[in-house]
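A quick write-up on the structure given underneath.
Readers should treat all values here as calculations from the given coordinates under stated rules, not as data from a laboratory. Predicted, not measured: the structure shown is a model, and the values here were computed from it. Cβ placement follows ideal geometry from the backbone for every residue including glycine, while neighbour counts extend to all protein chains displayed.
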Amino acid sequence: MIKILPIIIAPNPILRKKSIEIDFKKISIDKIKKLCSAMYATIIKADGVGLAAPQIGKNIQLIVLHTQNGQLNFLNPKIIKKSWTKILDNEGCLSVPEIYSQVKRYKNITCQYFDETGKKLILNAEGLLARVIQHEIDHLNGILFIDKAIKAKNYG
C-alpha cells in the first residue's frame with residue numbers, strides 16, 4: 001500500500017525555503033519513483049491537482065501533478081518560455097486550506113524538466129496545466145499563491 005504523506009500547512013517556515021536541485025548521482029531512481037508515487041497518492045486523497053516536495057517537508061525540486069492523463073512528475077523544473085498574456089483566475093492550495101484567491105499567471109509556458117528516470121524533457125503547457133505548473137514551481141522557490149493574490153477569500 002502506498003503511504004499518504006502529511007501535508008505541511010502555512011505558516012510553517014519549510015514552505016518559505018528555496019528548494020535544492022535533485023542530484024541524480026546521489027539518489028536512486030527507485031527512491032524517486034517511490035516518493036513520486038506517495039506524493040501522487042497524497043494528491044488524490046486530498047482531492048488536489050498538484051503537490052510540491054516542500055509541501056511534504058522535502059527541500060528538493062520535485063513537483064507531481066494529477067492531470068486528465070494521469071500522473072506527471074517534474075524534477076528540477078524550469079520555465080524557459082512564457083507568453084506575453086497573463087490570465088487572472090482562482091487558485092487554492094493544499095498548504096493554505098480554505099483560502100482561495102485570484103492570481104495572474106502566464107497563459108502559456110514552456111517547461112524544461114527531468115522525469116523520474118532522469119530523462120530531460122520539454123513540455124508546452126497552456127491554460128490550467130500552465131497555471132498549476134507555475135503554482136507548484138513557486139513552492140520550490142518559497143512562494144505561496146497568497147503572495148501573488150489579487151484578493152483572497154476565506155471559505156472556511
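Please list, or write none, the aspartates and glutamates whose alpha carbon is within less than 19 Å of the alpha carbon of Lys3, excluding same-chain residues fewer than 8 places away.
Asp30, Asp47, Glu116
Set the Förster distance to 30 Å, then compute FRET efficiency between Ile44 and Glu126 from the Cβ-Cβ distance, nearest 0.05.
0.80
Could you compute how fast the chain diffuses translationally, taking Rh as the Kirkwood radius over C-alpha pairs and applying Stokes-Einstein at 25 °C with viscosity 0.890 mPa s? Give it in µm² per second.
My calculation gives 156 µm²/s for D.
If each of Lys34 and Asn108 carries a label point 7 Å out from its Cα toward its Cβ, how far apart are those two points in nm?
Between Lys34 and Asn108, the label points sit 4.2 nm apart.
Identify the residues of the range 32-67 with backbone N under 14 Å of a label point that sits 7 angstrom from the Cα of Phe24 along the Cα-to-Cβ direction, or state none.
Under cut-off, by backbone N: 32-33.
Could you work out the relative contact order of the chain, using alpha carbon pairs under 8 angstrom and six or more residues apart, expressed as a whole percent?
Relative contact order of the chain: 25 percent.
Enumerate by residue number the trypsin sites (Lys or Arg not before Pro) in the range 4-97 meeting two conditions: DSSP loop (anything except H, G, I, E, B), and at most 15 other Cβ atoms within 10 Å of the site's Cβ.
Within the range 4-97, the qualifying trypsin sites (Lys or Arg not before Pro) (loop, at most 15 other Cβ atoms within 10 Å) are Lys17, Lys18, Lys25, Lys26.
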